[in-house]
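Inspection log for the structure reproduced underneath, given as structure tokens.
Just so it is clear, none of the values below were taken in a lab; they were calculated from the coordinates. All values reported here derive from a predicted model rather than from experimental measurement. Reconstructed Cβ throughout: ideal geometry from the backbone, glycine too, with neighbour counts over all protein chains shown.
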Amino acid sequence: MRPAPAAALLFGLAAAALLARHTVSVAALAALLLLVCLRAPVSRRWPYLVGAVGSAAALFVLTPFVERLPGTVYWSGPSIPVVGTLDVTSTELSGALFNACRLAAVSLAFAVYALWLDHDRLVQAAGFARRSVLAVALATRLVPALERDASGLVEALRGRGVEPEGLRGRARLLSPLLAGSLERSLNLAEAMEARGFGRPGATRLPQPRWGAREQVALAGAVLAVVVGALWL
Amino acid sequence: MALARTEGLSYAYPGSAVPALRDVSVDLAPGQVTLVLGRSGSGKSTLLRAFAGLVPHFHGGRFSGRVEVAGLDTRRHHPARLAGTVATLFQDPEDQVVFTRVLNEVAFGLENVGTPPRQIEGRALEALRSVGAEHLAGRLVTELSGGELQRVCLAATLALEPQLLLLDEPTSQLDPEAAKALIELALQLARDRGTSVVLSEQRPVLPFEICDRVLFLEDGRLAFDGLVGRARTWLEQHHPLFVSDGGWAGVHRPTHGQVTCRLDGVSFAYEDNLLVLDSASIELRRGEIVALVGPNGSGKTTLAKLAAGLLEPLSGRVERRGRPTYLSQDPGRYVLRERALDEVAVGVDGDLAAASRALAAVGLIGCEDRHPRDLSSGERERLALAAVLAPDPDLLVLDEPTRGVDPERKLELAALLRANTTRATLVVTHDVLFAKTVADRIVSLAPDRELANV
């Protein structure tokens with residue numbers, strides 16, 4: 001399928017997850033997107049899955065402690081200034097689960113976009129705002145590039161007999177990783193300028209017309225938003 | 001009439017007190033192939049960037065003099081405006097790739113310069129065909145080998161049919177065969193079209209046979225400018241290593257001591273389950289220097305990582321005695337700390353005295369307090385070397401330590417390695433001349449994964 005309607009479909013599913021009001025509906029959408037992610041090769045999918053599932057899990061764990069909603073109290077803890085008494089109630093738990101599923105669904109929609117869509121063709125499909133779309137496509141490639149850089153830094157450390165251990169050891173790699181990605185982006189910007197990027201009068205490689213699958217995907221995107229808003 | 005010229009060009013990068021180019025005046029004729037030589041940091045890449053307009057437009061800095069390409073003054077015309085007239089192939093192909101698919105990557109420049117849409121695909125495919133890479137058109141760039149990717153990048157520059165083609169050390173990541181093929185191809189295509197080619201190289205033996213003219217830069221100054229015949233004589237007098245077969249790196253008497261590392265029938269495969277190494281065996285003894293050579297993709301780096309303990313074999317046995325260290329191909333991976341001294345001390349539990357000795361051994365005295373990222377590319381390479389020398393390893397594994405290194409620095413490195421007679425050293429390299437200069441024994445890893453003594 002061509003990337004523009006596929007991106008629209010993913011956007012529709014993410015919007016449906018944000019508009020839906022029932023936890024089961026949102027969880028079903030997240031599960032569907034998770035299944036699509038799991039079809040990608042392990043080496044490519046894991047950073048996205050760790051990011052999506054990890055952030056959703058963190059939201060689920062933290063939300064009951066910062067919200068104060070009535071319901072059956074499962075646990076009651078100490079009183080903390082500003083936050084008040086820490087407790088976990090049934091309403092807070094169900095709300096946390098709902099929001100965690102929402103976050104997971106939106107993150108997984110992005111993961112499917114990053115893992116499965118042909119970003120080149122998405123850039124070429126952009127009739128307007130080509131620069132912005134190119135920036136998004138390049139940013140999408142940042143995750144695997146950072147992963148490669150991080151592996152390289154760890155390998156160079158291990159090559160000196162040093163094993164980066166624990167969260168602190170890994171966290172020390174963040175600053176050089178960030179600096180490295182800035183250096184890389186400068187090199188890329190230089191190469192792009194040398195190849196005429198930004199020059200007025202640019203043209204585009206012609207793209208084939210949309211077929212039935214693309215039209216169905218676009219209709220599916222609209223349908224997902226409507227169904228999400230009205231019935232889910 | 002000259003296609004491109006510099007007149008009294010001087011340039012210093014922002015924040016640098018030392019000019020990268022000093023009063024350089026050069027004329028480039030159409031159809032001429034010009035080889036630019038010089039030590040690391042002598043200004044070769046900066047000169048090429050000046051012809052592309054990237055200096056000063058992209059980098060900023062202090063610029064004086066004049067650069068003209070096809071009648072366009074580069075100070076008044078931005079690099080994007082010069083694109084098409086000028087095309088540049090940079091050293092590291094991974095840093096210049098914008099798109100994920102090969103055809104789109106080659107088409108990118110054509111789109112930018114406003115090629116009529118109906119012609120774009122045809123010209124991109126034609127450029128890929130001319131470099132023997134038409135079959136790669138639909139592939140992902142991430143799936144390509146280093147040689148394939150460099151050919152795709154060459155196709156992207158040739159597709160523009162430039163009048164001036166700038167090749168900045170385009171073969172530094174390629175084995176000798178692939179490097180020869182790439183240079184011959186680029187120059188043949190350029191000659192067929194009457195393109196002026198400027199090629200900077202650290203392995204000048206091949207380009208010498210096919211270039212017309214040689215420029216030699218020394219500390220940013222043009223020390224020599226002449227035809228290739230005269231250049232050979234001048235280099236023999238002033239910089240003989242640029243035209244010799246490696247040079248003498250000192251006496252090294254291998255002691256053939258105890259075995260430090262033994263790989264016995266080792267096989268290895270990455271995630272795709274394709275065997276990279278199949279039943280490879282090698283012994284490294286204390287006191288000897290072994291060079292491992294072979295074409296791109298033959299498994300040299302994998303074998304080196306197995307020897308250093310960075311990978312575990314799929315089958316077979318690896319025995320090691322003592323501490324190994326491994327120098328990565330990319331010196332940009334040795335930038336974890338804020339000071340060069342602290343960076344080197346990472347591998348020795350913060351022992352600053354040992355780190356200081358290692359920095360001195362590689363000639364980086366005075367750089368202790370500088371940030372690793374502020375060092376020049378040559379200095380970064382030496383810093384990385386110091387980082388793996390500091391622990392005084394029993395087995396030193398160096399992966400392509402001469403990438404982008406000039407012949408004089410290579411000889412210094414060979415002398416440094418040969419001065420030690422107590423550790424086992426494994427040098428993975430494409431550079432056969434360096435292998436002959438430094439090693440007691442050369443082992444070749446052929447495409448069929450067989451190891452053989454050379």
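Structural remarks
- Overall form of chain B per C-alpha gyration tensor (a/c, 1.5; a/b vs b/c): prolate
- Shielding of B:100-107 by partner chains, average beta-carbon count, 10 Å: 4
- The C-alpha atoms of chain B define a longest principal axis, and helix B:407-418 lies at about 0 degrees to it.
- Where both bridge residues fall in chain B, DSSP classifies roughly 50% of the beta bridges as antiparallel.
- Mean silhouette area of segment B:93-132, derived from the convex hull of its C-alpha atoms and averaged over all directions, reads 3.0 nm².
- Cα long-axis angle, helix B:117-130 against chain B (0 to 90 degrees, to the nearest 10): 50
- Shielding of peptide A:176-185 by partners, expressed as the average count of other chain Cβ atoms within 10 Å per residue Cβ, is 3.
- Legend: calculated FRET efficiency, B:SER244 to A:ALA139, from the Cβ-Cβ distance at R0 = 45 Å, rounded to 0.05, equals 0.40.
- Rounded, prolate or oblate (a/c below 1.5 giving rounded, otherwise prolate when a/b exceeds b/c) for chain A by Cα gyration tensor: oblate
- Length gained on full extension, B:GLU283 to B:GLU408, computed as 0.36 nm times the residue gap minus the Cα-Cα distance: 42.0 nm.
- Here the Debye sum runs over all C-alpha atoms of segment B:4-242 as equal scatterers in vacuum, and log10 of I(q)/I(0) at q = 0.15, 0.16 Å⁻¹ comes out as -1.02, -1.16.
- Expected 222 nm ellipticity per residue - DSSP helices of 4 or more, -39500 (n - 2.57), all of chain B, to 500: -9500 deg cm²/dmol
- Qualifying lysines (Cα of each under 23 Å from Cα of B:LYS300; at least 8 residues distant if same chain): B:LYS180, B:LYS410, B:LYS436
- Solvent-free Debye calculation, one equal scatterer per alpha-carbon of segment B:109-154: log10 I(q)/I(0) at 0.22, 0.24, 0.32 Å⁻¹ equals -0.78, -0.88, -1.15.
- DSSP-defined beta bridges in the protein assembly as shown - what % are antiparallel, rounded to 5: 55
- Packing rank of B:319-329, B:378-388, A:72-82, where each peptide gets the mean count of other beta carbons within 10 Å, highest leading: B:378-388, B:319-329, A:72-82
- Contour minus Cα-Cα distance for A:LEU38 and A:VAL73 (0.36 nm per residue): 8.9 nm
- Cα→Cβ-extended label distance, 7 Å offset, between A:ILE80 and A:ALA219, nm: 5.1
- With a simple spin-label model that places each label point 7 Å from the Cα along the Cα-to-Cβ direction, the separation between A:SER151 and B:GLU143 comes to 1.7 nm.
- Trypsin sites (Lys or Arg not before Pro) within segment B:1-75: DSSP coil, no more than 15 neighbouring Cβ in 10 Å: B:ARG75
- Karplus (6.51, -1.76, 1.60) ³J(HN,Hα), θ = phi - 60°, over segment B:58-74, in Hz, Gly and Pro reported as x: 7, 8, x, x, 9, 10, 9, x, 8, 10, 10, 10, 6, x, 9, 6, 5
- Remark: the B:LEU275-B:VAL259 segment gains 3.1 nm on full extension, using 0.36 nm per residue and subtracting the alpha carbon distance.
- Calculated FRET efficiency, B:GLU338 to A:LEU186, Cβ-Cβ distance, R0 = 25 Å: about 0.80 to the nearest 0.05.
- Placing a label point 7 Å from the Cα of B:ASP192 along the Cα-to-Cβ direction, the residues of segment B:102-122 with a backbone N closer than 19 Å are B:106-107, B:120-122.
- Using the Cβ-Cβ distance between B:ARG66 and A:GLN207 with R0 set to 41 Å, the FRET efficiency from 1/(1 + (r/R0)^6) comes to roughly 0.45.
- Within the straight-line cut-off of under 12 Å between alpha carbons, the aspartates and glutamates reachable from B:LYS44 are B:ASP168, B:GLU169, B:GLU201, B:GLU218, B:ASP219, B:ASP406, sequence neighbours fewer than 8 places apart in one chain being disregarded.
- Between the alpha-carbon centres of segment B:380-450 and segment B:262-332 there is a gap of 15 Å.
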